[in-house]
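K.L.:
Mind looking over this structure? Questions follow.
The values are calculated or read from the model by the stated rules, or taken from the named source; none is laboratory data. It should be emphasised that the depicted structure is a prediction, and the values quoted were computed from it without experimental measurement. Note that we place each Cβ from the backbone using ideal geometry, even for glycine, and neighbour counts take in every protein chain shown.
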Amino acid sequence: MIYEDSRYAKMEVALDAEGRPYIVGRRRMPKTDWPDNRAHTVKDGDTLWMLAWQYLGDAEYWWVIADFNNIKDPWEPLEAGRILIIPSERTLREEILS
């Protein structure tokens, strides 16, 4: 599902050879290295939705964390021990959603 406030709201969705949806023509995520961006070490059971709720206050921003970390398939389980960079509120508001 692509949320209306997502930067992908009006982009084309296609299916890969296994029938999984993907977004055609993804733009590169702006990445300013603000000092308030955070690193999160993935633990067993972490999901993009849970991390978006925890760090960004809204599970619907899972796509921000996925794009920021170049995760192409958000339904794949996150590997424990992987370090994800969580964009700051400033990055979210000033660069991603603007």
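K.L.:
Please specify each residue of the range 49-80 satisfying the condition of being surrounded by fewer than 17 Cβ atoms within 10 Å (Cβ to Cβ) and among the acidic types (Asp, Glu).
P.N.:
Asp58, Glu60, Asp73, Glu76, Glu79
K.L.:
Which members of the range 54-98 meet the condition of being of a type in the set (Phe, Trp, Tyr) and in contact (Cβ under 8 Å) with a residue 40 or more places away in the chain?
P.N.:
Hits for the range 54-98 are Trp63, Trp75.
K.L.:
Any idea which residue in the range 81-95 is modelled with the lowest pLDDT, counting only those that are of a type outside the set (S, T, N, Q) and surrounded by 19 or more Cβ atoms within 10 Å (Cβ to Cβ)?
P.N.:
So the residue we want is Leu92.
K.L.:
Being under 24 Å from Pro21 (Cβ atoms), assigned to a loop (DSSP other than H, G, I, E, B) and within 13 Å of the chain's Cα centre (by Cα): is that true of Leu84 here?
P.N.:
no
K.L.:
So, in the range 21-42, how many residues would count as being farther than 20 Å from Ile96 by Cα, modelled with pLDDT of 75 or more and surrounded by 11 or more Cβ atoms within 10 Å (Cβ to Cβ)?
P.N.:
Here the count works out to 1.
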